[in-house]
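Rule-based calculations on the coordinates, nothing more; no lab input. If you're wondering where the values come from, they're calculated on a predicted model, not measured in any experiment. Glycine also receives a Cβ, built like all others from the backbone with ideal geometry; neighbour counts cover every protein chain displayed.
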């Protein structure tokens, strides 16, 4: 039996290799499986938990859609929409926030990391957004949600909220309790300048990341300048624990070529980094350059992107509005 899959991506603009290998590449595989029903949401309500430039946000929403399509997600097979245009998300988040408990949210490590030392200055939205994430998922009766390590805790919260709602209102299995979809053989993609930090668009140096809009020469140059250590390529996978930059580059190579980290280590054991980097750059160019070209082409046709979003919004609304009406009836509205 096929899976009902829901996943969201924040429209932060300038999506990079970490976003592609960590999420979008997996979305494409899920979309290509005819047994699956996939809903991909541009989570613009989540984006405003931190201040956004309104003009930039509008462009970033379109750019996220363009990236989905350029990467191979077919909008005819999957629903692609932006969250703010389906009112059930905000309504559902409020109702579920009356089911969720403070103690549950206080345990969320992501808030502690994002809010930093001065959490009094963080927005309430940043604190409570896992409840909105739960509403996003539960409105569509999703059976599976692709999650990285940093979102596992939020999915657990979603499961807790669903179970508590079902118990509180004595509606067994009304809210579908979703399962996580964890990618096998996937390494977290780290900065090209520091193997201990996640690849991020907020890092100052553009050399720290491969953007999905980078051109061939930029990709080759960034890999050439990527930080390594003076030793030859590792002989054994155990060495990688001490050699974070080598681990990161081999992880990127493995994800691109769909091979295991063990096999990648074997292939390049004892060779020079320069030889490995040439092959890595070639694989990256082959994968990213066509996506980059297609993103730029799609961004030149804003009407087309807006039509895809409008079509997705209509389809999502049909599903979510029915679910929220039932939720309201159950609650007593």
*Segments 127-139, 188-200 sorted - mean Cβ within 10 Å per residue, highest first*: 127-139, 188-200
_Under the rule a/c < 1.5 gives rounded, and otherwise a/b versus b/c splits prolate from oblate, where does region 145-272 land using the Cα gyration tensor?_
prolate
*With runs of 4+ DSSP H residues as the only contributors, calculate the mean residue ellipticity of the chain at 222 nm using -39,500 (n - 2.57) per run, divided by the residue total and rounded to the nearest 500.*
-16500 deg cm²/dmol
*Can you give the % of DSSP beta bridges in the chain that are antiparallel, to the nearest 5?*
10 percent
*asked:* From the P(r) of the chain, could you give the percentage of C-alpha pairs in the tail past 31 Å?
replied: 36 percent
_Going by Cα centres, region 118-133 and region 300-329 are how many Å apart?_
25 Å
*Taking only Cα atoms, what is the 0 to 90° angle, nearest 10, from helix 302-331's long axis to the longest principal axis of the chain?*
40 degrees
_Output the 0 to 90 degree angle, nearest 10, between the alpha-carbon long axis of helix 152-168 and the longest principal axis computed from the alpha carbons of the chain._
10 degrees
*Return one number: the angle in degrees, 0 to 90 and rounded to the nearest 10, between the long axis of the Cα atoms of helix 244-257 and the longest principal axis of the Cα atoms of the chain.*
70 degrees
*Arrange the peptides 113-122, 67-76 so that the one whose residues have, on average, the most other Cβ atoms within 10 Å appears first.*
67-76, 113-122
*Give the shape of region 32-166 as rounded, prolate or oblate, defined through the alpha-carbon gyration tensor: a ≥ b ≥ c are the square roots of its eigenvalues, a/c under 1.5 means rounded, and otherwise the shape is prolate if a/b is larger than b/c and oblate if not.*
oblate
_Please compute the modelled spin-label separation between residue 32 and residue 202, points set 7 Å along Cα→Cβ, answer in nm with one decimal._
3.3 nm
*asked:* What percentages make up the Cα-Cα pair-distance distribution of region 206-297 when the bins are 5 Å wide from 0?
replied: 2, 14, 26, 24, 17, 10, 5, 2, 0
